[in-house]
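What follows is a short report on a single structure.
Every read-out reported here was derived from the displayed coordinates using simple, explicitly stated rules and does not represent laboratory data. Everything numeric in this text was worked out from a predicted model, so none of it was measured. Glycine gets a Cβ as well: all are built from the backbone with ideal geometry, and neighbour counts include every protein chain shown.
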Amino acid sequence: MSIGNERVGPTSRRFGVGILIFVALMGLLGGVLIASSMGIRPLAKDLDLAWEKRVYVAANPSSSASPNFVELAKRVKPGVVNISTTKVIKGGGRVFRHFSPPFREQDPFRDFFGEDFFERFFGGVPQRDYVQRSLGSGFIIDREGHIITNNHVIEGASEIRIRLSTEKEFEAEVIGRDPKTDIALIKIKSWKDLPVVELGDSDKLEIGEWVMAIGNPFGLSHTVTVGIVSAKGRVIGSGPYDDFVQTDASINPGNSGGPLFNINGEVVGINTAIVAAGQGIGFAIPINVAKEIIPQLKKKGKVTRGGIGVYVQKLTPDLAKSFGLEKSKGALVADVIPGSAAEAGGIRRGDVIIKFDGKEIDEMNELPRVVASTPVGKEVEVGILREGKPLTLKLKVGELKDEAPAPTVEKAKVEMGMSVQEITPEIARQLRLSEPSGVVVSQVEAGSPADEAGIQRGDVIREVNGQVIRKLSDYRAALERVKKGEIVRVLVKRGERNLYMAIRSSKVE
């Protein structure tokens, strides 16, 4: 009987496999012990370290893993409040006024039928007051009961009610408002300490960073949404100091005035605006803007800002080229207010401001914010470019007047496509000009580059490439010097404002 041909039974196979597993485990243990004696960490310890790392990540939201939003929401929600306001609208009267007051101001039917059409046919309709109620959000910043919210949430309100997360309600009073930044400070009275939020540093925000919004969207109390910082420094045309944080954390009507938290539970923004046609696009005022003005709102109820008395506009590449500049950097001075600090300091129309009080000015929108934050009465140095040459001027910052907003010009890339005529005394009276000097745009060709640029009938041309235009012959002489394809820099007067336009001419007639 040959052993080589012997058949092995199941029991024998299990016994053999068991021996093999035992030998393998002993070898693995021996290898671990040998590795340990050689200074190499054992496998078991590596597994422990990996587990400890996972536990650490879960407990520390500032790490690369997602933060613990549950604990974050529990911690910060008590300091967030819901705001309901009551406003009495005087003389609401007609149904269109009831539903949308702005519609009346831009009413196409009123423009079509004439200003007195509604007065003649509906003048007998009685005008009645009506009550408008709205909702918003806010957050408590100190134990005294001061609350930050948006100005548009409480503006004109006859009654302001605050509701905490505990459902307790209080009446609030307005301490101060700043329409230019859309920030308001209100206050409630409480018989005991209130939950407060911690204010962070919005300058340290990074794009892609986690954020949480809490508010009262559509009346849904203390709604929590999360997202990331999508962008910083957004300009959306809401005011002269636009510098918004963009986020995709869901924000809806009723979130206005509510806080935007970072993952450390600090307020880094005030939720303010949304893109009506978009989804997942919201904007928050950086909290550092509020931190700068809150002391003034507490003390005076309003904000005093620095001003120098200039109107500036965006320096486009075409305008920069027309001034002989290589880069479109800085703020182009479109006009200087007579008697202002800028005039006293020697700033002229056509100067490009590139530095103010040691701060670089890369974009036009940066200048109003920098000047506004400068103390009134401070003497500063202003770096400018005049005809391509750098100059440094000194001036004393004055107080910004409410009636002096800085205009913004976006459309400046144009070509020729307009007709002009000399200004007669009659035209000067119609346009309310102090003197019949210059030429007026009488027609703009539909679809032409001038039309696309926004040049309008009635604009008064004061300069062409720096040459003063007093009559039609001056205008023609200036155009004769223009070569095909060159940029024509035109200074126009529209109403009470002067604006520069850059016209890239393919043909000059």
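What FRET efficiency comes out for the pair Leu391/Glu144, r = Cβ-Cβ distance, R0 = 41 Å, nearest 0.05?
Once rounded, the FRET efficiency stands at 0.25.
If the limit is 28 Å between Cα atoms, which of Lys298/Lys394; Lys321/Lys493; Lys204/Lys298; Lys204/Lys396; Lys389/Lys493 go over it?
Lys298/Lys394; Lys204/Lys396
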